[in-house]
Structures are given as C-alpha cells and as structure tokens.
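*Asks:* What follows is a structure written as structure tokens; I'll ask about it next.
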Amino acid sequence: MNAIEITGLKKSYSATVEALKGIDLSIPQGEFFGLLGPNGAGKTTIINSIVGLVRPNSGSIKVMGHDIRKEPLAAKRYLGLSPQEINIHAYFPIGNVMEFQGGFYGLSKKESKQRAEKLLKDFGLWEKRKVGRFKLSGGMQRRLMIARALMGKPKILILDEPTAGIDVELRHELWEFLKGLNSDGTTILLTTHYIEEAELLCERVGIIHKGKIVACDSPTKLIEKYRFENKERKGVLKFVRPGSLEEVFVNLTGKSLAEGAKEWEVSRDLQL
Amino acid sequence: MGSFTGFATLVTQEFFRFWRLIRQTIFPPILTTLLFILIFGFSLGERIQEIHGFPYILYIIPGLAAMGVMNNAFSNTSTSLYMARFDQSLDNILAAPLKPIEIVTALVVGGIARGILIGGITLAVSLLLLKQPLFSWPVTFFFLIQQSILFGCWGIIGALRAKTWDSLATTQTFVITPLVYLGGVFYSINLLPDIWKKISIVNPLFYMVDGIRYGVLGILEVPLWHSVALSGLLTLLLFALCVYLFQIGYKLVR
C-alpha cells in the first residue's frame, strides 16, 4: 500500500486558471519525496488537495488506502501538515497551540503535554512557550510550524516550502532533523524551489511545471537523463551548476529556479 | 469514527479563548447590562407604570438578560471563527481529523458558555438585588440555551460570510440590536398601536423575549408553546445549516 496515491487530479480555480492538469503520483511508505517547481506551478494545490483544503474537480487521492473524500478522518489521522503560510493562532501562547494540536489528533492531555515539551525543546522553542507567535522571529515561526505538524505523530509528514526564509545554518540543522525522522520510518512529502534541498534530501523528485509533473525519478537518474551534453553554456545555463537538478529543470521547462538566473532574465528583459 | 478527544480539545480551545480575553468578553457586557438596569430601572422606571403587575425594572430584566445572551453568543462564535479565518488557523483545524459537526458544535458550546455566563449573571444579580424569586427554572434555562445556540449559529454564518470585520459589527448593530429592541425588551406589545403590534409578532425575537420573561416572571403575551416551538425550530434549522455549510466547505474549501 502506498502512503499517498494520487490519480488524475485536476483543479481549476476559475475558467482561466487551471492549477492542476491531471496529476498522477504514488509515494510509497517510508519515502522522502520532493516536489520541485517554481511558485505557482501547482505544488501547494496538490498538498492542499491531500489535506482537504482544496476540492479537486476530478481525480482521487488516497492516504494509506483511505480515500480523502470518502473517509476524510481516517486519512487525515495519518497526516501532519506544515503549510507554506504561517497559520498559527495569532494570540495563543505557542505552548498551548502545541497542546491543542495534540488533542485534535486524539492524544490525551497528558501525552500532548509531554510531546509538546519534547518537540518544543527539539526545535529550540521551549523558552518561548508562553508567548504568542508574533513574538517569534520568522525562522522560529517556521520551526514551530514543523513542530506542530509533528504533534499528531504523523505517519506522513507534508512540508510545503519548510525552509523558505530560514537562514542557511538553521536550514542545514532542519535537514538533518528531517533525515532522521525519515529514517525512523516517517514518509515525507516536501515541496521546495531550492534545488539543493531536493537533491540532498529526496529519494525521488517530481518536477512540476504549470500544473503537470513533467518528470519523476531519483535525482541521480533525472540528472543522467536530462543533463545537457556538450552544449555551449549560454543564456540561462550560464548560471546553472552542471550536473544538477537545476539543469534538469531548465531542460524540461526552459526556465531556471536559481536566483542568479532570474536576475539575468530580468536584465535581459530590460535590455529589450 | 470521530474521537471525543478532538472535540473536547476544540471546546477547551474555545473556552481558553474567551477566558483569556475576559476583560473584553465578560466584563463589558455585564457592565452594560447593569447600566441598563440602573438607568431604565432605578432612575426612569419610577415614572413608568407597572406592566402586567410588575414594576418596570422587573419587567425589563428578562429581556435584558436575553439581549446579553444573544449579543454575547453571537460575538463569541463570530469573533472566534472570523479570527481563525483571518490568521488562517482555521485551515489547521480543517486539515485535522475533526468532523464538521464537531467543529460547529464546539464553536456553539463556546457561545453557549459565554451567553449563559452573561445571561445568568445578569439574572442572578438583578433578581437578588430586587428580591424577586425566579418563576420557572426549566423554562428560563430552555430559553437561555436556545438563544445561545441560535445566536451562536448566526455568528458562525456571519463569520463565514463576512468579507471584513466591519460587516460583522454591522450585522450586530443594524440587525440584531434593532430586532431585540423591537422584540419587546422594554415594553409590552399590547401597549403598541395595532399596526406595530402586527409587525412585532413576525419578529422571531419577540417570542424568545416573551418566553424568557415567562420563565423569569411568569407573565406572557403569547402561549408558551408558540414561543418554545418557534424558537426551538428556528434554532435547529440554523444549527443544521451551519453543519451543512461546514460539510460542503462553504467559503472554507477552495
């Protein structure tokens, strides 16, 4: 049984905005899977469909064999979600936020308290347990989001751009933490637009572009298959590390995810 | 296969919210009601003749309590839900393994708690001050609960529909307050000219005010079962509507 099984998923937000144009995706239990793509590619729509915040127009989603529409509770119990946008209650002390979260996922009061303490300590937030999230730095809020997602002991952890806005050092710490979690058996689905993150963490990467998964395999195989051979490195490729997922991405979509390349594109536009 | 823990936690969170904000949620409404009693009861009331054999101050107390219940139940659910929409913490609730009916019921229970607290304190303080025994506990209790649920549900629907904070305040100022005031909190509709009497009896809040006044003082203007049936039915309908809206994900699911 796959942890997540998505078939023929389509979603339009309006007549003109087609966010997902038919997604098929299977994530086996225990895998570390990455969805790589630029903002607006459809990553968040996929994730929100899995947790039931977006209602797809067609297609089906199964979580550990439970259809998210037919047995939403059974499916949701396996999931822990850390969304891209901070969605933590604005005024509650974060210690309470954590404990409530445990309760939502069926943990007893005592167990919630203990787990909240452990996770807050793991994420370096214990000292801040009595303050609201507005008193936390951006990086702390991000960590809190992940800690909260872990309160319900998820079998499947879904992280939507978890390291956006986190400084490099913390990002590496977080990567180590996630690797450990994954090797303990948690299936992880992560979206990112950081090439390095996808390369380093993910067993398999799905490249998503304009609502479609254009390629899906292990980073090594993707690079093998889609790297540019003996080509003159001009244009956007000048900014691309040879033999990286970035190269794969450029090959498949004609676009780059790297910041330098974006600047280059902008400067080219300006010249025109 | 909902878990009771999930529901219980939602309820705890609702209580936690209004209890933390006690200076905004509990004290002001009690102060407002006491001011009403002071002004309309003690100072102006002397100049007004008795209604149904009760001094004016006693006559208005049940209605004032009802008004407190209604406003506070509405405020509690609407603020809680609107804030959760605003800071997006609602998405976190919706993604959790919780049933729509559990989410709605928890919000309503929060509304009931605050409504009953305000209504109960208002009645207790004023009846003790005026040394007036309560006529019927069950009837009073029925209407306090019924009003809390009804206005709690109204608050939920309001918060789902509201695009801005202002539109919630507008509902309270321009819809609820006039309906309550014109529902006979301050007068007996028998004192009104015929046309206004007819208009009053299509106002559902009139029945709720009349019902609770019967519970507290034992006087009424329409048969009790009319008030009980009408307000009970309306409450069930609105609760069902709230659950339905959460089930279909109205303004919640994209």
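*Asks:* Output yes when any residue across region B:84-106 is away from chain A (no Cβ under 14 Å), at pLDDT 95 or above and outside any loop (DSSP other than H, G, I, E, B), and no when none is. So that I can check it myself, show each step before the final result.
*Replies:* So the first thing to find is which residues in region B:84-106 are away from chain A (no Cβ under 14 Å), and the list is B:104-105.
Narrowing the set further to residues that are at pLDDT 95 or above leaves B:104-105.
Next, from what is left, pick out any that are outside any loop (DSSP other than H, G, I, E, B): B:104-105.
Yes, the conditions are met somewhere in region B:84-106.
*Asks:* For region B:37-48, state whether one or more residues are buried (at least 17 other Cβ atoms within 10 Å of the Cβ), away from chain A (no Cβ under 14 Å) and among the small types (Gly, Ala, Ser).
*Replies:* First pass over region B:37-48, keeping only residues buried (at least 17 other Cβ atoms within 10 Å of the Cβ): B:37, B:40-41, B:45.
Then drop every residue that is not away from chain A (no Cβ under 14 Å), which leaves B:37, B:40-41, B:45.
Now drop any that are not among the small types (Gly, Ala, Ser), which leaves B:41, B:45.
Yes: one or more hits.
*Asks:* Further, regarding this structure: Here is a list of conditions, (1) over 24 Å from B:Phe143 (Cβ atoms); (2) in a helix (DSSP H, G or I), and B:Lys163 meets all of them except one; can you say which number that is?
*Replies:* (2)
*Asks:* Tell me, yes or no, whether region B:76-90 has at least one residue that is under 11 Å from the mean Cα position of the chain (by Cα) and in contact (Cβ under 8 Å) with a residue 12 or more places away in the chain. Reasoning before the result, please.
*Replies:* First pass over region B:76-90, keeping only residues under 11 Å from the mean Cα position of the chain (by Cα): B:76-77.
Add one more test, that the residue is in contact (Cβ under 8 Å) with a residue 12 or more places away in the chain, and what stays is B:76-77.
Within region B:76-90 (the criterion being under 11 Å from the mean Cα position of the chain (by Cα) and in contact (Cβ under 8 Å) with a residue 12 or more places away in the chain), the answer is yes, since at least one residue qualifies.
*Asks:* Next question. Among residues belonging to region A:85-102 that are open to solvent by 40 Å² or more (accessible area, probe 1.4 Å) and out of contact with any helix residue (DSSP H, G or I) (no Cβ under 6 Å at 6 or more places or on another chain), point out the one that is nearest to A:Thr192 (Cα to Cα).
*Replies:* Among those that are open to solvent by 40 Å² or more (accessible area, probe 1.4 Å) and out of contact with any helix residue (DSSP H, G or I) (no Cβ under 6 Å at 6 or more places or on another chain), it is A:Glu85.
*Asks:* Is there a residue being among the charged types (D, E, K, R), under 23 Å from A:Glu173 (Cα atoms), in a loop (DSSP other than H, G, I, E, B) and facing chain B (nearest Cβ under 8 Å) anywhere in region A:72-87? Full working, then the answer.
*Replies:* From region A:72-87, those among the charged types (D, E, K, R) are A:76-77, A:85; that's our starting set.
So of that shortlist, the ones also under 23 Å from A:Glu173 (Cα atoms) come out as A:85.
Restricting the remaining residues to those that are in a loop (DSSP other than H, G, I, E, B) gives A:85.
With the extra rule that they be facing chain B (nearest Cβ under 8 Å), the set shrinks to A:85.
Yes: one or more hits.
*Asks:* In region A:34-46, is there at least one residue being free of Cβ contacts under 8 Å to residues at least 24 places away in the same chain and either hydrophobic (A, V, I, L, M, F, W, C) or in contact with a Gly (Cβ under 8 Å, 6 or more places away or on another chain) (or both)?
*Replies:* The answer is no, given that none of the residues of region A:34-46 is free of Cβ contacts under 8 Å to residues at least 24 places away in the same chain and either hydrophobic (A, V, I, L, M, F, W, C) or in contact with a Gly (Cβ under 8 Å, 6 or more places away or on another chain) (or both).
*Asks:* So, in region A:103-122, of the ones that are under 25 Å from the mean Cα position of the chain (by Cα), surrounded by fewer than 18 Cβ atoms within 10 Å (Cβ to Cβ) and of a type in the set (Lys, Arg), which residue ends up nearest to the other protein chains (Cβ to nearest Cβ)?
*Replies:* A:Lys118
*Asks:* Another question, if that's okay. In region A:1-41, what residues are modelled with pLDDT of 90 or more, among the small types (Gly, Ala, Ser) and not in a strand (DSSP E or B)?
*Replies:* Scanning region A:1-41 gives a single hit, A:Gly30.
*Asks:* Please state which one of A:Ile50, A:Ile27 is of a type outside the set (Lys, Arg) and more than 14 Å from every other protein chain (Cβ to nearest Cβ). First the steps, then the outcome.
*Replies:* Numbers: A:Ile50 fails: more than 14 Å from every other protein chain (Cβ to nearest Cβ).
Matching residue, one of A:Ile50, A:Ile27: A:Ile27.
*Asks:* Could you count how many residues in region B:217-254 are among the β-branched types (Val, Ile, Thr) and within 18 Å of B:Gln146 (Cβ to Cβ)? Talk me through it step by step, then tell me what you get.
*Replies:* Kept after step one, since they are among the β-branched types (Val, Ile, Thr), are these residues of region B:217-254: B:219, B:222, B:228, B:235, B:243, B:248, B:253.
Add one more test, that the residue is within 18 Å of B:Gln146 (Cβ to Cβ), and what stays is B:222, B:228, B:235, B:243.
Final tally of qualifying residues: 4.
*Asks:* Okay, moving on. For region B:57-77, state whether one or more residues are within 12 Å of chain A (Cβ to nearest Cβ), open to solvent by 10 Å² or more (accessible area, probe 1.4 Å) and in contact with a helix residue (DSSP H, G or I) (Cβ under 9 Å, 6 or more places away or on another chain).
*Replies:* Among the residues of region B:57-77, not one is within 12 Å of chain A (Cβ to nearest Cβ), open to solvent by 10 Å² or more (accessible area, probe 1.4 Å) and in contact with a helix residue (DSSP H, G or I) (Cβ under 9 Å, 6 or more places away or on another chain), which makes the answer no.
*Asks:* Follow-up question, since we're still on this one. Identify all residues within region A:44-65 that are closer than 23 Å to A:Glu246 by Cβ and open to solvent by less than 10 Å² (accessible area, probe 1.4 Å); write none if there are none.
*Replies:* Just the residues of region A:44-65 that are closer than 23 Å to A:Glu246 by Cβ, to begin with: A:44, A:46-47.
A:Ile46, A:Ile47 - these are the residues of region A:44-65 that are closer than 23 Å to A:Glu246 by Cβ and open to solvent by less than 10 Å² (accessible area, probe 1.4 Å).
*Asks:* Given (1) buried (at least 16 other Cβ atoms within 10 Å of the Cβ); (2) touching a residue at least 60 places away in the same chain (Cβ under 8 Å), where does A:Ala74 come up short, assuming only one miss?
*Replies:* Going through (1) buried (at least 16 other Cβ atoms within 10 Å of the Cβ); (2) touching a residue at least 60 places away in the same chain (Cβ under 8 Å) one by one, A:Ala74 breaks only (2).
*Asks:* What number of residues within region A:123-141 satisfy the criterion of being among the acidic types (Asp, Glu) and surrounded by 14 or more Cβ atoms within 10 Å (Cβ to Cβ)?
*Replies:* Step one: of region A:123-141, the residues among the acidic types (Asp, Glu) are A:127.
Right, trim to surrounded by 14 or more Cβ atoms within 10 Å (Cβ to Cβ) and you get none.
So the answer is 0.
*Asks:* Which of (1) in a helix (DSSP H, G or I); (2) touching a residue at least 24 places away in the same chain (Cβ under 8 Å); (3) open to solvent by 40 Å² or more (accessible area, probe 1.4 Å) is the odd one out, the single condition B:Phe135 does not satisfy?
*Replies:* Among (1) in a helix (DSSP H, G or I); (2) touching a residue at least 24 places away in the same chain (Cβ under 8 Å); (3) open to solvent by 40 Å² or more (accessible area, probe 1.4 Å), B:Phe135 violates only (1).
*Asks:* If you don't mind, another one. Here is a list of conditions, (1) within 14 Å of chain A (Cβ to nearest Cβ); (2) open to solvent by 30 Å² or more (accessible area, probe 1.4 Å), and B:Ser80 meets all of them except one; can you say which number that is?
*Replies:* Here B:Ser80 meets the rest and fails (2).
*Asks:* Mind checking which residues of region A:93-113 are in a helix (DSSP H, G or I) and either among the hydroxyl-bearing types (Ser, Thr, Tyr) or under 25 Å from A:Leu170 (Cβ atoms) (or both)?
*Replies:* Those that are in a helix (DSSP H, G or I) and either among the hydroxyl-bearing types (Ser, Thr, Tyr) or under 25 Å from A:Leu170 (Cβ atoms) (or both): A:Ile94, A:Gly95, A:Asn96, A:Val97, A:Met98, A:Glu99, A:Gln101, A:Gly102, A:Ser112.
*Asks:* Cβ contacts < 7 Å: first residue within 8 Å of another protein chain (Cβ to nearest Cβ), restricted to region B:11-23; second residue open to solvent by 30 Å² or more (accessible area, probe 1.4 Å), any location; separation 6+ or different chain. Result?
*Replies:* Here the result reads B:Phe16/A:Asn96, each pair linking region B:11-23 to a residue that is open to solvent by 30 Å² or more (accessible area, probe 1.4 Å).
The values are calculated or read from the model by the stated rules, or taken from the named source; none is laboratory data. Remember, it's a predicted structure, so these values are computed and weren't measured experimentally. So basically every Cβ, Gly included, is an ideal-geometry build from the backbone, and we count neighbours across all protein chains shown. What goes into the accessible areas is simple: the full protein's heavy atoms, side chains included, and nothing from ligands, DNA or RNA. Shrake-Rupley method; radii C 1.70, N 1.55, O 1.52, S 1.80 Å.
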